[in-house]
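In what follows, a structure is listed as structure tokens, so that the remarks can point back to it.
The values are calculated or read from the model by the stated rules, or taken from the named source; none is laboratory data. Keep in mind that this is a model prediction, so the values were computed, not measured. In this analysis, Cβ positions are derived from the backbone assuming ideal geometry, glycine residues included, and neighbour counts consider all displayed protein chains.
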Amino acid sequence: MPDKSIVDPFPAPAFSLRDTKGCLYSLEELRGTWSVLLFLPGMAQKMSVRLACAYREQWESFQKLGVSLWGIWAENTAVTTDFEDRFSLPYPLLQDEEFKVIKAYSAWVTPSGKQGRWNGVVPTVALIASDGYVTRHWIKVHKAELSPMQVLDALKIYLR
């Protein structure tokens, strides 16, 4: 079965978002380095906790490779601060309350199913190369514990 995360490289959508301390982070800061953007569904979703913690556990591996890791979600400052503190996240968790960046990176979907249609943020990971192009894109991450390992495996191939 082909790896659906492999995409034709496309320019990473530009963004500028703030963390809970008011620091502004932008795509432009990532130029020249490999980066991972981790899109989390929100505080009420168990997947957010599992995914955020799985990446926390692999933080040092990303650091050793010189790769930036940023979490992005649509929660407010109070919720974000609580989440960061509760789970001791070593990477910045950026707030996108207007869903602009979330939508630009295809982490917002309108799925259909037995319970009808609903809108929501799905767990998504984007791997951005040092040239500013998205080279891998995992949309609808299903296994939180495996996700950072998949990204690290891809990075090891690209960074040889």
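For (1) within 16 Å of LEU127 (Cβ to Cβ); (2) of a type in the set (Lys, Arg), each residue gets a yes or a no:
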{"residue": "LEU27", "(1), (2)": "yes, no"}
{"residue": "SER35", "(1), (2)": "yes, no"}
{"residue": "LEU38", "(1), (2)": "yes, no"}
{"residue": "ARG50", "(1), (2)": "no, yes"}
{"residue": "CYS53", "(1), (2)": "no, no"}
{"residue": "ARG56", "(1), (2)": "no, yes"}
{"residue": "GLU60", "(1), (2)": "no, no"}
{"residue": "VAL79", "(1), (2)": "no, no"}
{"residue": "ARG86", "(1), (2)": "no, yes"}
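Only one of the listed residues (ALA107, ALA126) is surrounded by 15 or more Cβ atoms within 10 Å (Cβ to Cβ) and either touching a His at 6+ places or on another chain (Cβ under 6 Å) or modelled with pLDDT of 95 or more (or both). That residue is ALA126. Quick check on the range 40-49. Is at least one of its residues surrounded by 19 or more Cβ atoms within 10 Å (Cβ to Cβ), under 20 Å from GLU145 (Cβ atoms) and of a type in the set (Ser, Thr, Tyr)? So far as the range 40-49 goes, yes, one or more of its residues are surrounded by 19 or more Cβ atoms within 10 Å (Cβ to Cβ), under 20 Å from GLU145 (Cβ atoms) and of a type in the set (Ser, Thr, Tyr). So which residues in the range 53-81 are closer than 24 Å to SER16 by Cβ and among the acidic types (Asp, Glu)? Across the range 53-81, the qualifying residue is only GLU75. Contact map, the range 12-28: residues that are closer than 21 Å to ALA78 by Cβ paired with residues that are part of a strand (DSSP E or B) and β-branched (Val, Ile, Thr), Cβ distance under 8 Å, separation 6+ or inter-chain. Pairs shown: LEU17/ILE72. Of all residues in the range 11-28, those satisfying the criterion of being over 19 Å from TRP59 (Cα atoms) and surrounded by 11 or more Cβ atoms within 10 Å (Cβ to Cβ) are PRO11, ALA12, PRO13, ALA14, PHE15, SER16, LEU17, ARG18, THR20, SER26, LEU27.
Residues are listed down the side, and each one gets a yes or a no for (1) of a type in the set (Asp, Glu); (2) within 14 Å of TRP34 (Cβ to Cβ):
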{"position": "GLY71", "(1), (2)": "no, no"}
{"position": "ASP85", "(1), (2)": "yes, no"}
{"position": "ALA126", "(1), (2)": "no, yes"}
{"position": "ASP131", "(1), (2)": "yes, yes"}
{"position": "LYS143", "(1), (2)": "no, no"}
{"position": "SER147", "(1), (2)": "no, no"}
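Within the bounds of the range 112-120, is there any residue that is in contact (Cβ under 8 Å) with a residue 12 or more places away in the chain, assigned to a loop (DSSP other than H, G, I, E, B) and more than 13 Å from LEU38 (Cβ to Cβ)? So far as the range 112-120 goes, no, none of its residues is in contact (Cβ under 8 Å) with a residue 12 or more places away in the chain, assigned to a loop (DSSP other than H, G, I, E, B) and more than 13 Å from LEU38 (Cβ to Cβ). Screening ARG31 against (1) within 18 Å of PRO13 (Cβ to Cβ); (2) modelled with pLDDT of 95 or more; (3) basic (Lys, Arg) leaves a single unmet condition, (2). Say whether the condition of being among the aromatic types (Phe, Trp, Tyr) and within 23 Å of PRO11 (Cα to Cα) is met by at least one residue in the range 110-120. No, the range 110-120 contains no residue that is among the aromatic types (Phe, Trp, Tyr) and within 23 Å of PRO11 (Cα to Cα).
Considering only residues of the range 146-160 that are modelled with pLDDT under 95 and assigned to a loop (DSSP other than H, G, I, E, B), which is surrounded by the most Cβ atoms within 10 Å (Cβ to Cβ)? Residue satisfying both the conditions and the ranking: LEU159.
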